[in-house]
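What follows is a short report on a single structure.
The values are calculated or read from the model by the stated rules, or taken from the named source; none is laboratory data. All values reported here derive from a predicted model rather than from experimental measurement. FYI the Cβ positions are ideal-geometry reconstructions off the backbone, even for glycines, and counts take in every protein chain you see. Keep in mind that these areas ignore ligands, DNA and RNA; they rest on the heavy atoms of the full protein, side chains included. Shrake-Rupley method; radii C 1.70, N 1.55, O 1.52, S 1.80 Å.
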Amino acid sequence: MKLLEIKKIDCRIKLLTGMRVGGNNDIIEIGGNDSPVVRNPLTREVYIPGSSIKGKMRMFMEWIENKIDDKKGNVHSCTDKDCPICRVFSRGAKDSQTAKSGPTRISVKDAYLTEDSKKKLEKLKERTGIDTEWKYENNINRLSSAATPRNSERIPAGTEFDFSISYKILDMGDGGTKDKQYFEKVVLKALKAILLEGIGGGVSRGNGQFEFVELKVNGEDYRAKLEAIKIG
């Protein structure tokens, strides 16, 4: 096994609709926010965990590659050394020992606010007392039509985040052929899938739509190439 190359994807995304990636709220006050967004515990700034982005990318690729366990819905893991899902995103420890396909190829970093967005959210907090927005919805009882209100915190549309992804190409006796193929067929396709679907919670209710303001691979603009990728 030999490391041949590390591809670096630099991303900047802009939210087109409010987005929520859930945090924790141990104490919920009456009329309070029962669904807060995740924040950096030191700075209290909102951010998007890399694990949330990677998890959404993996989920969509499992659907595309027909790797979903219809009975249990567990994360896919197998012993096929050339499985595109396991090779790129990782597999269980026992399966990894059997497959001998090397380490996880992809690493997704946390997405942090751009400097401009930090300033905009600070100004929003000065005006309103909060740097986010609350979205109010109702749960409707199907028999009585009674509405039960609920609210969730969202990062406002227009907010921008920077994050990066690294992808290792390893020679596993094939000259790195499989890993080179999987960069486009798995990594870029997964990015196209989440672009179409959205990220965070409640995408079926309009949350989490975004666009790539920047998408570079080793310094080269890849937005047109991403646009050309077909899903399915």
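Listed values for region 109-114 are Karplus-derived 3J(HN,Hα) couplings in whole Hz (6.51 cos²θ - 1.76 cosθ + 1.60, θ = phi - 60°), namely 7, 4, 9, 10, 4, 6, and x replaces Gly and Pro.
Between V213, G200, F60, the Cα set farthest toward the positive side of the dipole of the chain (charges on each charged residue's Cβ, about the Cα centre) is that of F60. Using a 10 angstrom cutoff on alpha carbons, build the Gaussian network for the chain and name the most mobile of L188, L42, L124. For the chain, modelled as a Gaussian network with Cα springs under 10 Å, the answer is L42.
Residue-wise HN-Hα couplings along region 40-52, as the Karplus relation 6.51 cos²θ - 1.76 cosθ + 1.60 with θ = phi - 60° gives them from phi, are 5, x, 8, 9, 6, 7, 6, 7, 10, x, x, 5, 5 Hz; Gly and Pro carry x. With a Förster radius of 25 Å applied to the beta-carbon distance between A157 and N218, the computed FRET efficiency rounds to 0.25. Overall, the chain carries a charge dipole of about 440 debye about its Cα centre when +1 sits on the Cβ of Lys and Arg and -1 on the Cβ of Asp and Glu, all other atoms neutral. Residues S166, S101, ordered by accessible area of protein heavy atoms at a 1.4 angstrom probe radius and largest first, appear as S166, S101. Summing Lys and Arg as +1 and Asp and Glu as -1 over all other residues whose Cβ lies under 12 Å from the Cβ of D80 gives a net charge of +3. Electrostatic bookkeeping for I140 treats Lys and Arg as +1 and Asp and Glu as -1; over the other residues with beta carbon under 14 Å from its beta carbon, the sum is +2.
Solvent-accessible area of D80, all protein chains in place: 80 Å² (probe radius 1.4 Å, heavy atoms, ligands and nucleic acids excluded). In the chain, the calculated helix contribution to ellipticity at 222 nm averages -7500 deg cm²/dmol per residue, counting -39,500 (n - 2.57) for every DSSP H run with n ≥ 4. Compared with the dominant principal axis of the Cα atoms in the chain, helix 115-128 is inclined by about 20°. Treating each Cα of the chain as an identical point scatterer and summing with the Debye formula, the log10 of I(q)/I(0) at q = 0.11, 0.16 Å⁻¹ comes to -0.65, -1.16.
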